[in-house]
Amino acid sequence: MSLAGVSGLVRNVSLRSVRVWQRNRDVYFVTWKTNLFPPLAEPILYLLAFGAGIGALVKEVEYRGEMVGYTAFIAPGLLATQVMFQAFFETTYNTFVRMHYQRTFDAIITTPLSLEDVMAGELLWATTKGTISCAVMMVAVSFFGLLHYPHALLIVPFSLLAGLLFAALGLCFTGIVPAIDSFNFPTFLFIMPMFLFSGTFFPLDVLPVWAQRLAWLLPLTHVANVIRELGLGRVPRDLGWDLLYLAVMTVPLCLLGLHLMRRRLVK
């Protein structure tokens, strides 16, 4: 992708992309019972199972030189995975359905919206959906007293950045997969390993050094690290490196996702 191509993509994105966001929001409000509660129930079940089950065996874990309750350790990690799953699956399976089966994009681009507006709207909506799910789960987690306020309030604006990253990642895969079944490859070869080995359920220090280095290359590791520190009521200086990593990753992934989707749809 040349600089001229990048410039063209950016120029074709306008505020009209908000109309796509509004369209998806309206559909979400109509079907909110099935879109919100089942995905929300899964991480809460994880929290209850690991907190009451493993948490009864492992009372505390050492994290950054301090002893932290095991349930308080995994709760922020589950918030991070909630953002990842909601944003990623929105721009993979749901975007693919709108593009390929419902032909929604064909109808939208007959209006003054450009193709880039449609894709930008998809990214905006997936980011919003990840943030909504994270905020709702924060309310549930707060009933267990597992988040420290007011620092934890910063998790909501941060989840916008995290959601945009995973939404852009999902859009990249949607731009190249030949069929909807092909999403099994990125889901089980990339998303699930991140879910298990990004410090969600245990501190990375217990892993071999080579595995720790691999884990720090994964975006979910940085997202979980930021949310965990904010959830514990701390803002250490090195959190800036996590934010820098996520910001640097997000911009090119957004551009690549727009490019791949345009290449797929314009023949």
Inset, instruction - In nm, give the distance between the simple-model label positions of E60 and L207, each being 7 Å from the Cα along the Cα-to-Cβ direction. - result: 2.5
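Could you work out the relative contact order of region 147-267, using alpha carbon pairs under 8 angstrom and six or more residues apart, expressed as a whole percent? Show your work: numbers first, answer last.
Numbers: 105 pairs, mean separation 57.7, N = 121.
With pairs under 8 Å counted, the relative contact order is 48 percent.
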Inset, instruction - Using a 10 Å cut-off on Cβ atoms, rank the peptides 143-151, 220-228 from the highest mean neighbour count down. - result: 220-228, 143-151
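If you take the C-alpha gyration tensor of region 179-267, multiply each eigenvalue by 5 and take the square root, what semi-axes do you get, largest first, in whole Å? Mind dumping the intermediate values first?
Details: eigenvalues 166, 66, 24 Å².
Taking √(5λ) for each eigenvalue gives 29, 18, 11 Å, largest first.
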Legend entry - For semi-axes √(5λ) of the Cα gyration tensor in Å, calculated from these coordinates, the label among [x] 40, 28, 16; [y] 34, 20, 17; [z] 36, 21, 18: [y]
Inset, instruction - May I ask for the net charge around A87, where only other residues with Cβ less than 11 Å from the Cβ of A87 are counted and Lys, Arg are +1 while Asp, Glu are -1? - result: -1
Inset, instruction - Determine, for each peptide in 203-209, 258-264, the mean count of other beta carbons within 10 angstrom over its residues, then list the peptides with the highest first. - result: 258-264, 203-209
Legend entry - Among G231, G69, G163: highest mean-square fluctuation, GNM of the chain, C-alpha pairs under 10 Å: G69
Inset, instruction - Treat each spin label as a single point 7 Å out from the Cα along the C-beta direction, and report the A179 to R103 distance in nm. - result: 2.1
Inset, instruction - Show that you can apply the helix-only estimate: for the chain, add -39,500 (n - 2.57) for every DSSP H stretch of four or more residues, divide by all residues, and state [θ] at 222 nm to the nearest 500. - result: -20500 deg cm²/dmol
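Within the accessible area of region 60-153, what % is carbon and sulfur when the probe is 1.4 Å and the other protein chains stay in place? It would help to have the intermediate numbers written out before the result.
On the way: 2200 of 3500 Å².
The value for region 60-153 is 63 percent carbon and sulfur by accessible area.
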Legend entry - Unit charges at the beta carbon, dipole of the chain: most positive-side option, Y245, L171, L79: L171
Inset, instruction - Report, to the nearest whole %, how much of the accessible area of region 189-267 belongs to carbon and sulfur atoms, 1.4 Å probe, protein only. - result: 72
Inset, instruction - May I ask for the distance between the Cα centers of region 143-205 and region 95-126, given as a whole number of Å? - result: 23
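What does the accessible area per residue of the chain come to in Å², with a 1.4 Å probe and no ligands, DNA or RNA counted? Before the final figure, lay out the partial values.
On the way: 12830 Å² over 267 residues.
Spelled out: the 1.4 Å probe surface of the chain, per residue, equals 48 Å².
The values are calculated or read from the model by the stated rules, or taken from the named source; none is laboratory data. Being a predicted model, the structure only gives us computed values, none of them experimental. A quick note on method: Cβ atoms are made from the backbone with ideal geometry, for glycine too, and the neighbour counts reach across all protein chains shown. Ligands, DNA and RNA are excluded from the accessible area calculation, which covers all protein heavy atoms including side chains. Shrake-Rupley method; radii C 1.70, N 1.55, O 1.52, S 1.80 Å.
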